[in-house]
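Laboratory data are not the source of any read-out in this text; all were calculated from the coordinates shown. Since this is a predicted model, take the numbers as computed values, not measurements. Here Cβ is always computed from backbone atoms with ideal geometry, including for glycine, and neighbour counts include all displayed protein chains.
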Amino acid sequence: MTAIAVVIFIALFFVEAGYGKMISKKWGPAINNKVAWFIMECPVFITLLAFWIMSPRQWDIVPLIFFILFEIHYFHRAFVFPWMLRGKNKMPLTITVMGMIFNTVNGWMQGEWIFFLSPEGMYSPEWLKTPQFIIGTLIFFAGMIINLQSDYIIRHLRKPGDSKHYLPKGGMYNYVTSANYFGEIIEWTGFAILTWSWSGVVFAVWTMANLVPRANSIYKRYAVEFKDEFYDRPLKRVFPFLY
């Protein structure tokens, strides 16, 4: 999967995923944006929940914490975030289905490792005292907070009835044009660290492979759309001060 992520990473610098700001008819029929996000995100929540239910380790404290952290994110993504979206945007059905498939595979990968494949005794209660768990958890929540704050800023750029476009400001948008993506990358990097697992690393790599090229596309679009205002601010694409 990591090798595929590299291919996707390169490809997305040349082919824009046609949803959101880059919506395109070439991706085929589109459906309601809220419904699309729900369809994409709920399978991973359900998949990991199923692994937890089936696992003999379901009440072991460390796997349970991993499960709760992961599900907090996807509960919000599937059952809260879509219905907070404003506007009447649509998402191509092809992208919705691809997202649903990836999320299902990811839920399977995380659940298989956390609840079945990880060595017996690896995630004992002592794991909670390890540097990787403590540091990873702090990074995870830092990313989550950045992601939630950035989504809030985007949702409130326009007042009801306003159809103008605005360059986001505030929070990490003072440093990058895709602060929400930065938050999500940080969040899943933290998860990879706190679980200290290849499944976590693969997911973090996939997240970057998907979001970094898209952040580049958004950066270029903002540079054209906002011109002088854009270049008055020392903005990067997704990683503050770096890229």
key: With Cα atoms, 0 to 90° folded angle of helix 2-11 axis to the chain main axis   = 0
message = For the chain, what does the relative contact order come out to in percent, with C-alpha contacts under 8 Å and a separation of six or more?
response = 24
note = In degrees rounded to 10, the 0-90 angle between helix 131-155 Cα long axis and the longest Cα principal axis of the chain is 30
query = What do the square roots of 5 times the Cα gyration tensor eigenvalues come to for the range 29-123, in whole Å, largest first, as semi-axes of the equivalent ellipsoid?
reply = 30, 13, 8
note = Rounded to the angstrom and largest first, Cα extents along the principal axes for the range 85-192 equal 57, 33, 19
task = Obtain the nm distance between the two label points defined at Ser124 and Val97 by a simple spin-label model: each point lies 7 Å from its Cα along the Cα-to-C-beta direction.
result = 4.9
query = Given charges of +1 on the Cβ of Lys and Arg and -1 on the Cβ of Asp and Glu, with all other atoms neutral, how large is the dipole of the range 29-123 about its Cα centre, in debye to the nearest 20?
reply = 620
ask   = Once you put a point 7 Å from the Cα of Val35 and another 7 Å from the Cα of Arg155, both along the Cβ direction, what distance in nm separates them?
value = 2.1
remark   = Against the 2.2 N^0.38 Å rule of thumb, the C-alpha Rg of the chain sits at a ratio of 1.04
